[in-house]
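Q: First the structure, then my questions, so here it is.
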C-alpha cells in the first residue's frame with residue numbers, strides 16, 4: 001500500500017445483480033436462491049487466497065521475526081543509542097558510546113564501546129536492552145543468544161548475560177560467557193527460565209565485573225521458533241497464518257520493496273548470508289529494518305506454510321519519485337532481478353543457486369509468479385511501460401514459463417497478470433461487490449494484491465469484516481479471472497509507537513496475539529472453497545445481502561457463503577437442483593450485535609466463528625440468516 005492512498009474509481013456491474021426490494025416487501029416474502037449443482041460455470045482459482053506482507057507496523061522486526069533484541073546493531077541518533085541503556089550497580093562507573101572505527105564486519109563497521117572505570121563482582125556494569133516494548137518470557141523455556149565482542153585485555157573477564165524482571169529486578173535466567181578475546185568473534189549463550197509467570201515486563205542485560213573496555217555488536221536473543229528454525233519466526237503468529245490456508249506469499253512487500261529512495265530499496269543481495277554481513281536498511285515507514293527477514297527467510301516462510309512465493313522485484317522506481325529510465329540505466333536492475341530469480345530457482349550448479357545452497361538450502365524453490373515493481377501508477381514520469389517491457393523481455397527470454405505481474409496498466413507488452421489495490425470503507429465494498437462480474441475474460445488475469453475495508457483500529461471491527469466478506473463473495477464468483485487476492489496490511493504491533501497504519505488483520509504485542517473479525521472472515525472463506533462455481537441466481541434479497549457458492553464435485557461438497565450486512569435477518573428459500581443433499585449441513589457463523597464490535601489484545605475472543613449443524617430435508621431449504629452475520633454452510637451431497 002502507499003502512504004499517498006489511491007482512491008480507485010469503482011464501477012458497479014450487473015452480472016448476477018440481485019433485485020432489491022423495500023423493507024416491507026422483504027418482510028412479506030423470503031428471498032429465493034437457486035443453485036444448479038450440476039451446471040458449473042467457471043473454475044475457482046486454487047491460489048485465490050494468500051498473504052501480502054511488508055515491513056510496516058513492526059511486522060517483521062518486533063513482529064513475525066522472532067528476534068527479541070531491538071536495535072541489535074547499536075544504531076544511534078540525537079538521543080543516543082536507541083533502546084540501549086547503561087547499567088551501573090553499586091559503586092560501578094562506566095560510560096558507553098558508539099565506536100565508528102571498529103566492528104565485526106564490513107557491513108557492520110561500528111560498535112558499542114563500553115569503558116569501565118570501576119566495577120567488581122558486587123558492582124557490575126554494562127548495558128541493557130528493553131526489547132520490542134518488552135521481552136516475552138514463559139516458564140521452563142530455553143532462549144538462544146549470540147553476540148559479537150572483543151575486549152582490550154583479558155582482565156575485563158567474562159560477560160554475564162541475564163534476563164531481568166523490570167519490576168522486581170529479579171534475575172530470571174543468567175549465563176556467563178568467558179574467553180572474550182582482543183579480536184572480534186561471535187559468542188553463544190543459552191538462557192533457560194524456571195517456573196515463572198508469562199510476562200513481557202523483562203529486559204536483557206550484558207555486564208562485566210572488572211575495569212577495561214568492551215566492544216559489542218549484533219546482540220541477539222531468540223525464543224523457540226516455528227519449526228525450530230534458526231533465525232526463525234514467532235510460533236503463535238505462524239500458527240495464525242497457517243489457519244488461513246494461504247496459497248501464496250507476496251513479498252518482500254509494497255513500499256518496502258521500493259524504499260523512499262533508490263538507495264533504500266529492498267536490495268536482496270544485502271539480505272542473504274550470515275547476519276553479520278547484512279547491514280540493514282531504512283524502512284519507508286520511518287524505522288530501520290535489520291534484514292534478518294531476508295530473501296531466504298521469506299522463501300522458508302513459504303516452505304513452512306506450503307505457499308507459493310510471489311516474488312516482487314525492484315523495478316526502478318522509489319516512493320520519493322526517483323526512477324531509472326528504461327534502457328542502459330535500467331540494465332543493472334534487470335540483471336539483479338535475473339540473479340534473484342536464479343537464487344530462488346537455480347540448481348546448485350548455477351552461480352546464485354550455489355550461493356543459496358551455501359546459505360543452507362540446496363534444494364531450489366518453485367516459482368510461478370514474479371511481480372515487476374509495486375504501485376507504479378504513482379510514478380509520474382511515465383516510465384513504467386518501458387521499464388516493465390524491459391524486465392518482461394529479459395525475464396521471459398531466460399524463464400519463459402514465469403507469469404509476470406504488472407502493477408499498473410501497460411501498452412507495450414501484454415502482462416500475464418495485473419495487480420489491483422483497493423482500500424475503501426465498508427459501504428463502498430457493498431456497492432462494488434460485483435466489480436469483476438463483467439471483467440473481460442480475454443484480458444490479463446487479475447491479482448488483487450492489496451485490499452481492505454478501512455474501518456477500526458488497530459485492527460478491523462465487525463463492520464469492516466462485513467465489508468471484507470461482501471467483497472470476497474465477488475472475488476470467489478470471479479476467481480476464473482481473479483486468480484489471487486491478499487488482504488493488507490497483515491500485521492500490527494499494537495504498541496502506539498509501533499503503528500503506522502490501521503486497520504491491520506492480526507494484532508500482537510511482545511507476549512500475546514489475536515485475530516480481528518476480518519481475520520476470522522478470511523479463515524472461514526479460505527477454509528471452505530470448492531473447485532468450481534455452479535450456476536446460481538439470487539432474487540428478492542436486501543441491498544446489503546451477498547453470497548457466493550462453490551463446489552467440489554469430487555468431494556461431493558457444496559460451500560455456500562452468506563453475508564448479511566443488515567441489522568435485520570434475511571429469510572432465504574434455497575433450492576438445489578442437479579444433486580441431492582445429505583441430511584445434515586455444517587454451519588460456521590461469525591456474528592456481532594453492532595458494526596463497532598471487535599476483538600482486542602485483552603479480549604481476543606469477543607468475536608470468533610461458532611460451529612453448528614443444520615437439519616436438511618430434501619433439496620429445498622427455508623433458512624434465516626441473522627443480522628450482522630457472516631456464514632458458511634457446508635452441504636454434503638448424496
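Q: Mind listing whichever residues of segment 543-565 are more than 12 Å from residue 476 (Cβ to Cβ) and buried (at least 20 other Cβ atoms within 10 Å of the Cβ)? Don't jump to the end; show me each part of the working.
A: Of segment 543-565, the ones more than 12 Å from residue 476 (Cβ to Cβ) are 543-545, 552-558, 562, 564-565.
544, 545, 558, 562, 564, 565, listed by residue number.
Q: Can you tell me which residue is surrounded by the most Cβ atoms within 10 Å (Cβ to Cβ) among those in segment 375-400 that are free of Cβ contacts under 8 Å to residues at least 12 places away in the same chain and more than 15 Å from residue 330 (Cβ to Cβ)?
A: Initial filter on segment 375-400 (free of Cβ contacts under 8 Å to residues at least 12 places away in the same chain): 382, 396-397, 400.
Narrowing the set further to residues that are more than 15 Å from residue 330 (Cβ to Cβ) leaves 396-397, 400.
Values: 396: 14, 397: 9, 400: 7.
Here the residue is 396.
Q: Tell me which residues, restricted to segment 179-193, are touching a helix residue (DSSP H, G or I) at 6+ places or on another chain (Cβ under 8 Å) and part of a strand (DSSP E or B).
A: If the condition is that a residue be touching a helix residue (DSSP H, G or I) at 6+ places or on another chain (Cβ under 8 Å) and part of a strand (DSSP E or B), then 186 is the only one that fits.
Q: Let me ask you something else. Checking residue 60 against (1) out of contact with any strand residue (DSSP E or B) (no Cβ under 6 Å at 6 or more places or on another chain); (2) at pLDDT 95 or above; (3) surrounded by fewer than 18 Cβ atoms within 10 Å (Cβ to Cβ): exactly one of these is not met. Which one?
A: Single failed check for residue 60: (3).
Q: List, please: which pairs have Cβ atoms under 7 Å, are six or more places apart or on different chains, and start with a residue in segment 335-352 that is more than 11 Å from residue 399 (Cα to Cα) and end with one that is modelled with pLDDT of 95 or more and surrounded by fewer than 15 Cβ atoms within 10 Å (Cβ to Cβ)?
A: Pairs that qualify, where the first residue is more than 11 Å from residue 399 (Cα to Cα) and the partner is modelled with pLDDT of 95 or more and surrounded by fewer than 15 Cβ atoms within 10 Å (Cβ to Cβ), are 348/362.
Q: Do any strands (runs of 3 or more DSSP E) lying entirely in segment 518-625 carry at least 1 residues that are touching a helix residue (DSSP H, G or I) at 6+ places or on another chain (Cβ under 9 Å), and which ones are they?
A: Numbers: elements: 532-539, 545-552, 557-564, 570-577, 584-591, 610-615, 620-625.
Those strands (runs of 3 or more DSSP E) span 532-539, 545-552, 557-564, 570-577, 584-591.
Q: How about segment 324-368: which of its residues are surrounded by 13 or more Cβ atoms within 10 Å (Cβ to Cβ) and out of contact with any helix residue (DSSP H, G or I) (no Cβ under 9 Å at 6 or more places or on another chain)?
A: 354, 357, 368
Q: So, residue 475, is that one touching a residue at least 60 places away in the same chain (Cβ under 8 Å) and closer than 23 Å to residue 46 by Cβ or not?
A: Working: touching a residue at least 60 places away in the same chain (Cβ under 8 Å): yes; closer than 23 Å to residue 46 by Cβ: yes.
Against the criterion (touching a residue at least 60 places away in the same chain (Cβ under 8 Å) and closer than 23 Å to residue 46 by Cβ), residue 475 qualifies.
Q: Being within 16 Å of residue 297 (Cα to Cα), more than 21 Å from the chain's Cα centre (by Cα) and at pLDDT 95 or above narrows it down to one residue among 275, 249, 221, 257; which is it?
A: Working: 249 fails: more than 21 Å from the chain's Cα centre (by Cα); 221 fails: within 16 Å of residue 297 (Cα to Cα); 257 fails: more than 21 Å from the chain's Cα centre (by Cα).
Sole residue among the options that is within 16 Å of residue 297 (Cα to Cα), more than 21 Å from the chain's Cα centre (by Cα) and at pLDDT 95 or above: 275.
Q: Give the number of residues within segment 143-172 that are free of Cβ contacts under 8 Å to residues at least 12 places away in the same chain and in a loop (DSSP other than H, G, I, E, B).
A: Number of matching residues: 3.
Q: Find all pairs meeting these conditions: Cβ atoms under 9 angstrom apart; at least six residues apart or on different chains; first residue within segment 261-275 and at positive phi; second residue modelled with pLDDT of 95 or more and assigned to a loop (DSSP other than H, G, I, E, B).
A: The qualifying pairs are 273/294; 273/359.
Q: Residue by residue through segment 90-105, note down the ones that are without any contact (Cβ under 8 Å) to a residue 40 or more places away in the chain, in a loop (DSSP other than H, G, I, E, B) and either within 38 Å of the chain's Cα centre (by Cα) or buried (at least 16 other Cβ atoms within 10 Å of the Cβ) (or both). Full working, then the answer.
A: The initial filter retains those residues of segment 90-105 that are without any contact (Cβ under 8 Å) to a residue 40 or more places away in the chain, namely 90-98, 100-101.
Filter again for in a loop (DSSP other than H, G, I, E, B), leaving 90-92, 100-101.
Residues satisfying the conditions are 92, 100, 101.
The values are calculated or read from the model by the stated rules, or taken from the named source; none is laboratory data. Just so you know, these numbers come straight off a predicted model, no measurement behind them. In this analysis, Cβ positions are derived from the backbone assuming ideal geometry, glycine residues included, and neighbour counts consider all displayed protein chains.
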